[in-house]
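Worksheet for the structure shown next.
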Amino acid sequence: MTSFDDREAAFENKFAHDQEMAFRVIARRNRLVGEWAAKKMGLTPAETDAYAKSVVQADFEEASDEDVVRKLLGDLIAAGVDTSDEDVRTAMAANLVEARRQLLEAK
C-alpha cells in the first residue's frame, strides 16, 4: 500500500469515527433533555426512562433538531408546564455540553 492509500484510509476511519461520536453525542443529549422535561412534568422514574427513550426516537423523524423541539414543547405544554421554545432550546444546548462531557469521561 502506498502512503497516499494509508492516508486515505486513515482519513476515512477518522471521518467514520467522528460521525459515530456526533451521533452518540446527539442521542445522549436527547436522552438528557428528555429527562429534564420529564422532571418538569413530574413523571415517575419508570415514566422518565420511557419518555427519555421516546425523545431519542423522535430525533429520527427529521434531519434537524426541530422534531425534538416540537416533541418536547408539545409534551411540556400538554402537561401544563409553563415553558417556551427558548427554554427548550436552552436546555438542549446545555445538555449537549453535558452529553459531550459524559462521553469523553466514559472513554
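A single member of LEU76, LEU72, LEU43, LEU96 is under 22 Å from MET21 (Cα atoms) and either part of a helix (DSSP H, G or I) or among the aliphatic types (A, V, I, L, M) (or both), and it is LEU96.
The numbered conditions (1) under 12 Å from the mean Cα position of the chain (by Cα); (2) without any contact (Cβ under 8 Å) to a residue 24 or more places away in the chain are all true for VAL55 except (2). Listed by first and then second residue, the pairs linking a residue in the range 82-107 that is more than 16 Å from ASN30 (Cα to Cα) to a residue that is surrounded by fewer than 16 Cβ atoms within 10 Å (Cβ to Cβ), with Cβ atoms under 9 Å apart and 6 or more places separating them unless they lie on different chains, are THR83/ILE77. Within the range 40-78, the residues that satisfy the criterion of being in contact with a helix residue (DSSP H, G or I) (Cβ under 7 Å, 6 or more places away or on another chain) and basic (Lys, Arg) are LYS40, LYS71.
Of all residues in the range 52-107, exactly one satisfies the criterion of being surrounded by fewer than 11 Cβ atoms within 10 Å (Cβ to Cβ), over 22 Å from MET41 (Cα atoms) and acidic (Asp, Glu), namely GLU105.
Coordinate-derived values only; no laboratory data. These numbers were taken from a predicted model, which means no experiment stands behind them. Using ideal geometry, Cβ is built from the backbone for each residue, glycine included, and neighbour counts are taken over all protein chains shown.
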